[in-house]
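Encoded as structure tokens, the structure appears first; notes follow it.
The values are calculated or read from the model by the stated rules, or taken from the named source; none is laboratory data. If you're wondering where the values come from, they're calculated on a predicted model, not measured in any experiment. Backbone-built Cβ (ideal geometry, glycine too); neighbour counts: all protein chains shown. Calculation scope for accessible area: heavy atoms of the full protein, side chains included, ligands and nucleic acids excluded. Shrake-Rupley method; radii C 1.70, N 1.55, O 1.52, S 1.80 Å.
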Amino acid sequence: SQQGEEDPQALSIQEGENATMNCSYKTSINNLQWYRQNSGRGLVHLILIRSNEREKHSGRLRVTLDTSKKSSSLLITASRAADTASYFCATGGSGNTGKLIFGQGTTLQVKP
Amino acid sequence: DVKVTQSSRYLVKRTGEKVFLECVQDMDHENMFWYRQDPGLGLRLIYFSYDVKMKEKGDIPEGYSVSREKKERFSLILESASTNQTSMYLCASRGGGNDEQYFGPGTRLTVT
């Protein structure tokens, strides 16, 4: 079952611009996470925001969470060519199994 | 650093063959996961395990089985490979009180 829907599916920007990706989900969550995947590789965890948090920063990343709208956004500031990758949101429910439900991803291309 | 390794990066098998995909993590994590990733569908959970010899079906378990005899190793088994199981297979682990998952590099399986 797909929980997260991401928007846009693809994004192309110039180096130095900001990139914003959005994620919507359907059920209540414990946390929401963002992952990055370089072409043909495994996923790398970027940032986690809990359901009682509204905003979180990590370096050039800023994540917001609006539980009333069941949505999150990931902002990458001052993008670099090396940020070119696919980005996935994943929602985690309560319980100890740690199951995540992933969105379909946003493919970001940053042109030098 | 957590390291998750997968036995093969690329694998080509014939229809009807029994296929074993191995995943090993070195951080004593309790939870381990197998996903498959297909274009346009994102990551879908096949099976996960929350302890040795414990397993639970994910969203798409049909045609697959798993084995977890030791804490560090989680195997995915395709009993009789079919062409619709051609995909990227990703293993992940989670534990140590953290919610994020750590992914292996992936195995791209082609069934001909």
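Summary table below
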quantity: Elements of type strands (runs of 3 or more DSSP E) contained in segment B:14-112, each with 3 or more residues being away from every other protein chain (no Cβ under 14 Å); calculated: B:19-25, B:64-70, B:73-78
quantity: Any chance A:ILE101 is at pLDDT below 95, closer than 30 Å to B:GLN6 by Cα and either among the β-branched types (Val, Ile, Thr) or crowded, with 21+ Cβ neighbours inside 10 Å (or both); calculated: yes
quantity: Of all residues making up segment A:95-112, the number that are under 19 Å from A:ASN52 (Cβ atoms) and either touching a His at 6+ places or on another chain (Cβ under 8 Å) or more than 11 Å from chain B (Cβ to nearest Cβ) (or both); calculated: 0
quantity: Of all residues making up segment B:10-55, the number that are under 15 Å from A:GLN37 (Cβ atoms) and either loosely packed, with under 12 Cβ neighbours inside 10 Å or basic (Lys, Arg) (or both); calculated: 4
quantity: Segment A:66-88: number of residues that are more than 14 Å from chain B (Cβ to nearest Cβ) and part of a strand (DSSP E or B); calculated: 7
quantity: Within segment A:1-41, tally of residues that are modelled with pLDDT of 90 or more and either closer than 20 Å to A:ARG62 by Cβ or open to solvent by less than 20 Å² (accessible area, probe 1.4 Å) (or both); calculated: 23
